[in-house]
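What follows draws every value from the coordinates through simple rules; no lab data is involved. Nothing here was measured: the structure is a model prediction, and the numbers come from that model. Using ideal geometry, Cβ is built from the backbone for each residue, glycine included, and neighbour counts are taken over all protein chains shown.
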Amino acid sequence: DAKTTQPTSMDCAEGRAANLPCNHSTISGNEYVYWYRQIHSQGPQYIIHGLKNNETNEMASLIITEDRKSSTLILPHATLRDTAVYYCIVSPNSGNTPLVFGKGTRLSVIA
Amino acid sequence: GAVVSQHPSWVICKSGTSVKIECRSLDFQATTMFWYRQFPKKSLMLMATSNEGSKATYEQGVEKDKFLINHASLTLSTLTVTSAHPEDSSFYICSARERTGGNTIYFGEGSWLTVV
């Protein structure tokens with residue numbers, strides 16, 4: 001079973017920042033926080049991951065709380081093409097452990 | 001990021017026939033690949049873990065004789081749906097862990113299977 005809890009859906013105005021929350025209160029010390037998104041009828045796309053420090057790349061920023069029990073994915077300037085289901089997953093960063101998907105958050109970016 | 005490719009993107013087959021889906025890691029070697037299936041408006045469900053040179057590990061409830069997995073090389077895993085039935089119609093997705101960079105798991109584009 002997935003170890004994360006996310007809101008079912010969110011709306012965001014085009015051009016504004018989209019902040020997607022995720023709760024992972026039972027995260028283990030060796031587990032990273034991963035974010036993927038899935039646009040309709042495509043395979044999931046990797047966005048970003050982190051262990052305990054905040055991370056930023058060309059797609060998004062990841063803010064992890066100090067106790068690591070929750071995190072927020074930030075899309076700084078959402079576009080219509082960012083409309084997708086966003087999955088927050090906790091998993092070790094090594095070995096043969098697969099990613100276990102929850103239900104994710106359906107983000108709708110509105111013009 | 002690293003590239004994982006699936007083929008075919010979509011396939012239609014008749015009930016009772018078998019269909020093979022390929023998953024390739026194009027720019028890295030993958031000792032382990034993962035197979036998922038996804039029904040409409042549902043999340044991804046892990047089917048099995050494919051290990052290069054050894055038998056796959058199947059999740060509970062997944063029939064290993066029906067969903068044959070072969071991982072013959074470090075860049076290729078195949079999923080064969082045998083004696084397909086209409087209820088096997090689904091979106092099948094593979095993924096692989098890229099070990100030389102950040103150990104990130106990348107996903108293929110997915111393969112739509114329709115059994116008629």
> How large is the charge dipole for chain A, taken about the Cα centre, if only the Cβ atoms of Lys, Arg (+1) and Asp, Glu (-1) carry charge, to the nearest 20 debye?
Replying inline: 160
> B:LYS41: net charge of surrounding residues, Cβ under 13 Å, Lys/Arg +1, Asp/Glu -1, itself excluded?
Replying inline: +3
> To the nearest 0.05, what FRET efficiency results for B:LYS41 and B:SER9 with a Förster distance of 30 Å applied to their C-beta separation?
Replying inline: 0.90
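Counting other Cβ atoms within 10 Å, which chymotrypsin sites (Phe, Trp or Tyr not before Pro) in the stretch B:8-73 have at most 11 and lie in a DSSP loop? Spell out each step's value before the answer.
Values: sites: B:TRP10, B:PHE28, B:PHE34, B:TRP35, B:TYR36, B:TYR58, B:PHE67; in loops: B:PHE28.
Passing sites in the stretch B:8-73 do not exist.
Pop the C-beta distance of A:ARG16 and A:LYS103 into the FRET formula with R0 = 25 Å and round what comes out to the nearest 0.05.
Values: r = 24 Å, r/R0 = 0.97.
According to the calculation, E is roughly 0.55.
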>> So for the protein assembly as shown, if I pair up every lysine 8 or more residues apart or on another chain, how many of those pairs have alpha-carbons under 21 Å apart?
In response: 16
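If r is the Cβ-Cβ distance from A:ILE63 to A:HIS40 and R0 is 22 Å, what FRET efficiency results, to the nearest 0.05?
Values: r = 27 Å, r/R0 = 1.23.
E(calc), rounded to 0.05, equals 0.20.
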> Got a sec? Charge dipole of the stretch A:20-88, +1 on Cβ for Lys and Arg, -1 for Asp and Glu; which of A:TRP35, A:TYR87, A:THR56 is way out at the positive end?
Replying inline: A:TYR87
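For the stretch B:29-116, which trypsin sites (Lys or Arg not before Pro) pass both filters: DSSP loop (anything but H, G, I, E, B) and at most 16 other C-beta atoms within 10 Å? Working shown, then result.
Working: sites: B:ARG37, B:LYS41, B:LYS42, B:LYS55, B:LYS64, B:LYS66, B:ARG97, B:ARG99; in loops: B:LYS41, B:LYS42, B:LYS55, B:LYS64, B:LYS66, B:ARG99.
Counting only loop positions with at most 16 other Cβ atoms within 10 Å, the trypsin sites (Lys or Arg not before Pro) in the stretch B:29-116 are B:LYS41, B:LYS42, B:LYS55, B:LYS64, B:LYS66, B:ARG99.
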>> Under the rule of at least 5 residues apart or a separate chain, name every residue whose amide H is placed under 5 Å from the amide H of A:SER70.
In response: A:HIS24, A:THR65
>> For A:THR72, project a label point 7 Å along Cα to C-beta. Then give me every residue of the stretch A:1-17 with its amide nitrogen under 20 Å of that point.
In response: A:4-17
> With +1 on each Lys and Arg Cβ and -1 on each Asp and Glu Cβ, how big is the dipole of the protein assembly as shown about its Cα centre, in debye rounded to the nearest 20?
Replying inline: 260
